[in-house]
Each structure stands twice: as structure tokens, then as C-alpha cells.
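Have a look at the structure below, then the notes.
The values are calculated or read from the model by the stated rules, or taken from the named source; none is laboratory data. Because the structure is predicted, anything quoted here is derived from the model rather than measured. Cβ: placed from backbone, ideal geometry, glycine included. Neighbour counts: every protein chain shown. Each accessible area value is taken on the protein alone, full model and side chains, heavy atoms only, with ligands, DNA and RNA left out. Shrake-Rupley method; radii C 1.70, N 1.55, O 1.52, S 1.80 Å.
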Amino acid sequence: MNAEPEPLPPIFTAHLFPKLEGMLIELLRSLTPQDWEKQTLAPKWKVKDVVAHLLDTQLRKLAASRRHYTHENPKITSNADLVALINRLNAEGVQKYRQLSAGELIARMESASKESAEYHQSLDPFARAMFSVSWAGEEVSANWFDTAREFTERWHHQQQIRLAVEKPGIMTREFYFPVLDCFMRALPHAYGVVPAKSGTLAQFNIAGECGGSWYLLRDIETWKLVSSAAREKLSETTIPQEIAWRIFTKGITREAAQAQVQVSGNSEVGLHILGIVSIVG
């Protein structure tokens with residue numbers, strides 16, 4: 001009889017914020033006036049809009065922490081309500097901060113980034129987070145997960161800017177692997193609608209030096225991520241690391257992604273990952 005596979009360990013990213021944010025500030029200081037108006041992968045946002053969004057969300061999170069945010073919010077009764085709220089807040093924040101000069105945006109970002117890094121490093125990683133990670137289907141999350149989610153936001157938006165202005169990306173294992181590991185935590189929730197025989201397993205590989213393998217095990221009624229593949233394999237999906245983050249952040253069409261993805265076994269199960277979004281909005 002196979003031993004029960006271990007669940008995935010937590011992701012610790014708080015220590016990475018200072019270096020990642022330092023790279024962002026260095027990048028922003030290198031931009032030309034023309035760079036600020038270049039189009040990014042986000043259809044509605046140019047570079048300056050993405051920077052405004054990064055500043056806005058950082059300031060809002062810090063403000064919420066100072067107000068000792070409470071978890072009850074009677075206005076949010078569904079995921080659609082949450083998405084609508086986030087989209088409205090994001091649009092308002094971009095409109096507000098894109099009016100600043102590039103120099104003022106950078107100055108405010110530098111100050112907020114320092115405070116944000118200190119905030120995340122001050123948290124007990126296993127205490128209850130201020131916000132749950134909704135795209136993973138959680139109503140309550142630990143700080144380590146919310147911090148990792150925040151890290152993916154900071155990483156992927158900086159990556160969008162780098163692509164837009166043709167600067168080298170941050171595709172290093174130190175930074176990109178935690179992003180991928182966090183994105184993959186969406187799998188159990190997203191696969192809830194996918195039927196399979198209990199005890200079978202779907203394997204997902206991210207090909208490249210920053211990637212790895214993740215294993216999704218079907219239980220009696222649910223899917224769960226486990227640390228090994230010692231079960232009957234239903235499907236195996238391999239995604240190039242260059243497009244993996246874009247799949248989870250709506251940065252590539254399903255058709256374009258599928259053309260670069262390899263699946264063996266049950267293709268319906270293996271390709272379901274292409275519809276997963278690990279962001280809100």
C-alpha cells in the first residue's frame with residue numbers, strides 16, 4: 001500500500017522583497033520618457049499605468065495594516081463581488097497615481113517599498129493573514145501565503161514592464177521559482193470541477209532552470225497538491241518557463257499557450273491548467 005504523500009511545504013518570500021523592490025526602483029530610474037508610455041501585456045495599461053498600480057496596491061495594503069483591518073466585509077458575498085471591487089479599486093488607483101510625474105512616482109514607490117518589505121518581514125508567517133488568497137479558494141489564509149501572493153504581484157508586474165521596455169527579465173530561480181510555486185497553489189481549487197478516479201494523479205512540469213514538478217492527487221471528492229508522484233498518473237503536462245507566468249496572469253491566449261505545451265495521457269485533465277488565473281481581476 002502506498003504511503004500517503006506529504007502536502008507541499010509553505011513558501012517563504014518575505015526576505016526577497018527588499019532585493020526585488022530594489023530591482024524595480026533601479027529599472028524605473030532607467031526608463032526614458034518614451035518608455036513610460038509603452039504598451040504592456042495588460043491590454044488597458046501602459047508602463048506608467050502598471051507603475052501606478054504597483055504604488056496604489058502597496059499603499060492600500062499598508063493603509064489597511066495601519067487601520068487593523070477586520071476580516072468581516074458584508075459587501076462581499078461572492079467571487080464576482082470581489083472581482084468587481086478589485087477592478088474598481090485598481091482603476092481608481094491607476095487614474096490617481098498615473099497623474100504624478102515619473103520622478104514623484106519613483107520617490108513614492110521607493111518609500112512605500114521599504115515600508116512594505118519591513119511589514120511583510122514583521123509578520124508571523126503562520127498567523128492568520130489580513131486577506132485570504134481567493135484565487136486558491138481560501139476563505140482564511142496564513143500570512144506566508146498572502147505574502148507569497150503579494151510577491152507574485154510585484155514580480156509579474158515588474159516582468160510586464162521589463163518586457164514592454166525590452167529590458168532583461170527576472171527569470172532567475174531565486175525569484176521565479178517561488179512565483180511559480182505560489183501560482184500552482186491554485187490547482188486544487190481550479191480542478192474542483194474536473195472529475196477523476198480517486199487515487200489518480202496529474203503531474204505538471206515547468207521546463208527550465210527556474211521550474212520543477214507539481215503533483216495533483218485526486219482524493220475521494222477533492223484534489224490536493226502533494227510532494228511526490230507515487231500514484232497512478234492520469235496525465236502529465238509540460239509548460240516552458242517562458243510562458244508559465246503569462247498563463248496564470250492572463251498574459252497569453254489559451255491557443256498560443258497550448259501550441260507550446262506538451263501533454264501525455266488525459267488531455268482534458270492535462271490542459272485544464274491553461275484556464276487557471278492566479279490573480280484577482
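Using a probe of 1.4 Å on the protein chains alone, the accessible area found for Thr147 is around 10 Å². Of the whole protein surface, His15 contributes about 120 Å² of accessible area at a 1.4 Å probe radius. Computed with the Debye formula from one identical point scatterer per Cα of the chain, without solvent, the log10 of I(q)/I(0) at q = 0.09, 0.10 Å⁻¹ comes to -0.44, -0.54.
Rg ratio for the range 174-281: its Cα radius of gyration over 2.2 N^0.38 Å, N being its residue count, equals 0.99.
Only Lys, Arg, Asp and Glu carry charge here, each on its Cβ (+1 for the first two, -1 for the last two); on that basis the range 109-171 has a dipole of about 220 debye about its Cα centre. DSSP beta bridges fully contained in the chain are about 70 percent antiparallel. Lys19 exposes around 110 Å² of accessible area when a 1.4 Å probe is run over every protein chain in place.
Counting pairs of Cα atoms in the range 29-71, how many percent are more than 18 Å apart?
On the way: 400 of 903 pairs.
Roughly 44 percent, rounded to a whole number.
The lysine pair count for the chain, using Cα distances under 22 Å and pairs eight or more places apart or on different chains, is 28. Against the empirical 2.2 N^0.38 Å (N residues), the range 79-223 has a Cα radius of gyration ratio of 1.24.
Taking a ≥ b ≥ c as the square roots of the Cα gyration tensor eigenvalues, with a/c under 1.5 meaning rounded and otherwise prolate when a/b beats b/c, else oblate, which class fits the range 86-140? Oblate, since a/c reaches 1.5 and b/c is not below a/b.
For the range 12-119, what does the accessible surface come to per residue with a 1.4 Å probe? Please give it in Å².
On the way: 5970 Å² over 108 residues.
About 55 Å² of surface per residue is accessible.
When you restrict to C-alpha pairs under 8 Å that are six or more residues apart and normalise by the size of the chain, the relative contact order lands at 20 percent.
GNM remark for the chain: springs join alpha carbons under 10 Å apart, and the peak mean-square fluctuation among Glu104, Glu21, Glu236 falls on Glu104. Annotation: amide H of Ala207 within the under-5 Å range of Ile239, Gln241, sequence separation 5 or more or interchain, hydrogens built in the peptide plane. Considering all C-alpha pairs of the range 4-133, those separated by over 19 Å amount to 59%. If each Cα of the range 157-217 is one equal point scatterer, what is log10 of I(q)/I(0) from the Debye formula at q = 0.21, 0.27, 0.29 Å⁻¹? After summing over all Cα pairs, the log10 values are -0.89, -1.13, -1.20. Here the range 1-57 is described by how far its Cα atoms reach on the three principal axes: 63, 27, 18 Å, from widest to narrowest.
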